[in-house]
Amino acid sequence: MAAQLTAKKCSLQNRDVIRVTLHGVHWEVRPDLAQHLEALLASAGCGIKESPVKLVTRHEVAGKVWFIKRYRHCRMPLRPLKFFLKPSQARREWKLALRLERLGIPIVRHAALGERWGFGLRESILVTEGFDGQPLDETPDVDMRAVMAFVRTLHDRGVLQTDLHPGNILRHAATGELRLVDLHGTVIKSTLRSEEREANLATLRISLPIPVAPAILELSRRLRQKCLVRRARRCLRHNRDFEPWRIGSLRWQVRRAWMNPATEAILGDPDGFLASRAEILKAGRSSTVGRADGRVLKRFNLRKPANVLKDLLRRSKARRAFLKAYHLEIAGVPTARPIAVADRRAAGFLWRSYFLMEEIAGATHLGQWAGGARLAVTAVAEVVARLHEEGFTHRDLKETNLVFDGTGKLHLIDLEGLEFPGVVPRERALRDLARLEDGARALPGFTPALRRQFVRRYAHARGLRPRAFFRPVARAARAIAHASPGSALLRGSPGRQSAHPSR
């Protein structure tokens, strides 16, 4: 009966697309999917991504894999009405896919578009055919020449993917075929200017080591920071990696990959976890830190009553730490991976906040490290250089905040002193280095030779001259060594900053 109904309501528009109305949804569908459309929609799919207004599911029907993307416009007040004046995102992507196919651009095949109208566009649905490929950033031994040829084909045919990154290009493992996926941000022009081509290559170079000219490489470095700032904020939103969870009286922002019974037990009663189950690492007025089951929970306590009003206008300390940790992670600076964050509020006022992170296995801070001194110096220099190159500075950079794991990999912890100015001036970098040297002087085995090795390695990692750091760092470190704990030194220049910033 369903097949007869479909045949009756289909009218051939052209050889590529058939129009059909099914269960109140108006469809434009490829002929090969038309006979399986009802079975596809009725099948139980596997959730891939979900947000309040968007749902992506994976289905297997008729021996093929299909992906259904639903835009649920009716969930937002008045949103359905705007599509009387403009096409939906699904329709724009559908039309774009048809144009790209006519241009001969390899893309993930779009098989159907559906729209449910009522008082406005209540829902739009996009069906794409599965492609047996993996994103370039998940594929080993990628042929960069093939990638460059693929991008050159896009450019030569006037196609510009403004959000070009390895996750938007799929590669078939057996054949090496490349296809463009996620067409959001793609535009088609008659011709592309050289500036547009270079900027597009610079965008891809952010996350894929394609061979490019020095000018494009420098442009890519500038674009990278802006891109990472935008990407870091996604940890506080609902997407494929993060989502909000209501557990007990707290509304957590969690990392999906870490959600299991052990994590849920901590999130269900974080105060009880610290009181009875955790090994307490720190019990202070401002924060309490405990660990168990491969996880570390940090609870930020209300210490100053004045902060109650301030916290109405800013993120909590836990949320700021969660955001910083994820930003460091995607920037390639090793730190404990963030798992979940939540605030405990009463009548809108913040009283406590919680930050759950991964425990660094076998953690040993720099002052206790028993491995090779030269290896440790090299590791510290490279991490600090990477920190500064990525636009971060740390006003509390000391040996206890630099931790080696069981494999000897160095991590940066305790992110309350971390700031992101975007560009770290030489003076700010010198303050960090001087603060680190002041603490390192007390470590056994510290020698002038190790200090010189550190400065050389740091300068080399940043592409700077070592001479620019030898004497200024030494002068700043001597000033720190002679500063009293409560002084206001070192706030304005490399030689004027407190040796013991309050926490």
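The values are calculated or read from the model by the stated rules, or taken from the named source; none is laboratory data. The model shown is predicted, which means the values in this text are computed figures rather than measured ones. All Cβ positions, glycine included, derive from the backbone under ideal geometry; neighbour counts span all protein chains shown.
Data table
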| item | result |
| --- | --- |
| Filter pass, Thr21 being in contact with a Phe, Trp or Tyr (Cβ under 8 Å, 6 or more places away or on another chain), closer than 24 Å to Leu98 by Cα and surrounded by fewer than 16 Cβ atoms within 10 Å (Cβ to Cβ) | yes |
| Region 434-456, residues that are in a helix (DSSP H, G or I) and over 12 Å from Pro466 (Cβ atoms) | Ala434, Arg435, Leu436, Glu437, Asp438, Gly439, Ala440, Pro448, Ala449, Leu450 |
| Total residues in region 32-50, condition assigned to a strand (DSSP E or B) and under 17 Å from Arg116 (Cα atoms) | 0 |
| In region 113-122, residue surrounded by the fewest Cβ atoms within 10 Å (Cβ to Cβ) [restricted to those that are in contact with a Lys or Arg (Cβ under 8 Å, 6 or more places away or on another chain) and under 11 Å from His26 (Cβ atoms)] | Arg116 |
| Any pair with Cβ under 7 angstrom, 6 or more apart, that starts in region 408-436 at a residue that is without any contact (Cβ under 8 Å) to a residue 24 or more places away in the chain and ends at one that is among the polar types (S, T, N, Q) | Asp414/Asn401 |
| Cross-chain or 6+ apart pairs with Cβ under 6 Å, region 345-365 first and under 19 Å from Gly272 (Cβ atoms), then among the hydrophobic types (A, V, I, L, M, F, W, C) and surrounded by fewer than 21 Cβ atoms within 10 Å (Cβ to Cβ) | Trp351/Leu302 |
| Flag if Arg374 is surrounded by 14 or more Cβ atoms within 10 Å (Cβ to Cβ), outside any strand (DSSP E or B) and out of contact with any strand residue (DSSP E or B) (no Cβ under 8 Å at 6 or more places or on another chain) | no |
| Test: residue in region 307-319 that is under 19 Å from Thr400 (Cα atoms) and not assigned by TED's automatic domain parsing to the domain that holds Gly406 | no |
| Which listed residue, of Ser286, Ser276, is out of contact with any helix residue (DSSP H, G or I) (no Cβ under 8 Å at 6 or more places or on another chain), surrounded by fewer than 17 Cβ atoms within 10 Å (Cβ to Cβ) and under 19 Å from Thr400 (Cα atoms) | Ser286 |
| Of all residues in region 51-73 being surrounded by fewer than 16 Cβ atoms within 10 Å (Cβ to Cβ) and touching a residue at least 40 places away in the same chain (Cβ under 8 Å), the one that is nearest to Gly118 (Cα to Cα) | Pro52 |
| Answer from Ala232, Ala202 - the residue that is in a helix (DSSP H, G or I), under 30 Å from Asp141 (Cα atoms) and either touching a residue at least 60 places away in the same chain (Cβ under 8 Å) or of a type in the set (S, T, N, Q) (or both) | Ala232 |
| Selection within region 386-424 - part of a loop (DSSP other than H, G, I, E, B), surrounded by fewer than 19 Cβ atoms within 10 Å (Cβ to Cβ) and among the β-branched types (Val, Ile, Thr) | Thr407, Ile413, Val423 |
| Residue tally, condition within 26 Å of the chain's Cα centre (by Cα) and among the small types (Gly, Ala, Ser), over region 35-82 | 2 |
| Residue within region 110-128 that is part of a helix (DSSP H, G or I), assigned by TED's automatic domain parsing to the domain that holds Gly63, under 21 Å from Leu160 (Cα atoms) and in contact (Cβ under 8 Å) with a residue 12 or more places away in the chain present | no |
| Those residues of region 247-288 which are among the small types (Gly, Ala, Ser), touching a residue at least 24 places away in the same chain (Cβ under 8 Å), more than 18 Å from Asp414 (Cβ to Cβ) and outside any helix (DSSP H, G or I), in sequence order | Ser249 |
| Qualifying residue in region 217-228 (condition: within 25 Å of the chain's Cα centre (by Cα), among the hydrophobic types (A, V, I, L, M, F, W, C) and within 30 Å of Arg344 (Cα to Cα)) | yes |
| Output for region 352-368, where each listed residue is buried (at least 21 other Cβ atoms within 10 Å of the Cβ) and closer than 30 Å to Gly445 by Cα | Ile360, Leu366 |
| Residue within region 341-351 that is assigned to a helix (DSSP H, G or I), more than 20 Å from the chain's Cα centre (by Cα) and exposed (fewer than 13 other Cβ atoms within 10 Å of the Cβ) present | no |
| Residue among Arg91, Arg58, Arg70 that alone is farther than 23 Å from Arg171 by Cα and not in a helix (DSSP H, G or I) | Arg70 |
